[in-house]
Every structure is written in structure tokens, then in C-alpha cells.
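Everything on this sheet refers to the single structure shown next.
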């Protein structure tokens, strides 16, 4: 629910309908990836309102980061030549040894790089698919502002705020996304599902033990290996592909 005082400041002499129309347009600027509440707060901030008078420090910082990230994305788009053609979407990713120099690496390490280049897309798609799945389930329950209404632990919240803040400090770093869910890793996703199990129970997720087994013991462990640029064993690669196929089957019901 939008803070009443902020809504009053936005309304002024306008009708409630016109205020909601302005908020909807602001959401559209962010590709509808933010909640109605956040869109209202961004609108208020952009018209000069002091959000610290009405919202918590964490909420204001989150809004500030969303605005800044959007600005960075817009500036990047302006720098892109208008006549530059968009690349076609690729279904498969190919990676050959001639694409990058070996950088004096032993041949076995270079070979590992080639092998892992075929593995990473599985994990990338899997993790982002789980993010969107969680977002869909919880937004159906709580609405667009689900992140602030669902049972998100303080540990996860603080971790995400720090990551968003770090991205802002390191402007060379690519933008992850406007919504906090895109700043989560597999351990965060597992905790979110565990702490909100009553909303996932009865969905396509088989049972609560599946979350711990697949997201915890298997995927999270493999993710740590990949993120530290270490190769997976052939058994681990097979395990990852099996988990990926299982997830696709789960989604398809």
C-alpha cells in the first residue's frame, strides 16, 4: 500500500485517478519491473519530496538505488549508436579455443575453460528461471510489492541491500536489474522459498525437502565451484544437467 502522506503529496489538486495514471506511467518507464508503491515513491522523489520524512532508511536507500540504476541504463543506451543492429537471439552458445588467448595457461586449464563454457549456460538459465518462478508465486499472493510483504529474512534483506549499494559504488559493474530478486544467489533463493513454504506448497515444487536437496546440497555447491572459476567434474556436470532437466519437467507439470 502506498504511504498515505506521500500519496497526498502526489495528489495535490489532482484526482486520485490521475495520480494512479502517473504512477502507472512511471512503472512503465521501468518496464513494470517495480511495484506500484515503488513507482509512487520514485515519482515523489523526482518531484522533490523528502522521502526520509515518510519512509524507513532502508526503503529510501532502495528507491535511490533503483533511480540511479535506471539513470545508468539510460546513459548506456544513449552511448549506443542508433544504427547499431541488435544481435539475433542465440538458442545455443558456442565457444571455441580461438576466441580468447590462452594467457600462458597450461593446456589442461585451457581445456577446462572450453568445457566449462558449455556448462555455465545451464546454471545461468536455471538460476534465473528459479528467480522468476519465486517472483511469480509470491506476487500472486502479495501483489507487486511482494518483496516487502513476504517473509524475507533480515539477513537476506541486508545482503541484497549491500549488493545493490556495492553496484552503485562500482559504476563500471554491469546492472543486474531493478528488482531485488536479481541480486539474490542460490542460497538466498533457497531461504526465501523455505521461509515462505506455505505459499509454495501445492505448487509444482514436490516438497520442502526438495528445496534443501536440490537448491542447497546440489546446485548451491556446484554454483560455488563455478563462481570460483574451478572446473566441475564430469559427474558434477552430469548432475547439473540432470537437475536442469528435472526443473524443466517440474515447470511443465
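The values are calculated or read from the model by the stated rules, or taken from the named source; none is laboratory data. Just so it is clear, the model here is predicted, and its values are computed rather than measured. With ideal geometry, Cβ positions are generated from the backbone for all residues, glycine too; neighbour counts draw on all protein chains shown.
Some points to look at:
- Residues that are over 13 Å from residue 9 (Cα atoms) and more than 19 Å from the chain's Cα centre (by Cα) do occur in the stretch 26-41, at least one of them.
- Residues located in the stretch 136-161, provided they are within 12 Å of residue 191 (Cβ to Cβ), more than 14 Å from the chain's Cα centre (by Cα) and not in a loop (DSSP other than H, G, I, E, B): 154, 155
- Failed condition for residue 245, given (1) surrounded by 11 or more Cβ atoms within 10 Å (Cβ to Cβ); (2) touching a helix residue (DSSP H, G or I) at 6+ places or on another chain (Cβ under 9 Å): (2)
- Summed over the stretch 152-164, the residues that are modelled with pLDDT of 90 or more and loosely packed, with under 14 Cβ neighbours inside 10 Å give a count of 4.
- Positions within the stretch 22-31 being in contact with a helix residue (DSSP H, G or I) (Cβ under 9 Å, 6 or more places away or on another chain) and part of a loop (DSSP other than H, G, I, E, B), in sequence order: 30
- Residues that are in the same structural domain as residue 142 (by TED's automatic domain parsing), buried (at least 17 other Cβ atoms within 10 Å of the Cβ), closer than 16 Å to residue 126 by Cα and at pLDDT below 85 do occur in the stretch 224-235.
- The requirement of being over 20 Å from the mean Cα position of the chain (by Cα), assigned by TED's automatic domain parsing to the domain that holds residue 242, at pLDDT below 85 and at positive phi is fulfilled nowhere in the stretch 209-222; no residue meets it.
- Sole exception among (1) surrounded by fewer than 20 Cβ atoms within 10 Å (Cβ to Cβ); (2) assigned to a helix (DSSP H, G or I) for residue 37, by number: (1)
- Verdict on residue 45 being at pLDDT below 90, surrounded by 13 or more Cβ atoms within 10 Å (Cβ to Cβ), closer than 21 Å to residue 132 by Cβ and under 26 Å from the mean Cα position of the chain (by Cα): no
- All positions within the stretch 1-21 that are outside any helix (DSSP H, G or I) and either closer than 22 Å to residue 150 by Cα or in contact with a helix residue (DSSP H, G or I) (Cβ under 7 Å, 6 or more places away or on another chain) (or both): 1, 2, 3
- Within the stretch 118-138, tally of residues that are surrounded by fewer than 16 Cβ atoms within 10 Å (Cβ to Cβ) and touching a helix residue (DSSP H, G or I) at 6+ places or on another chain (Cβ under 9 Å): 6
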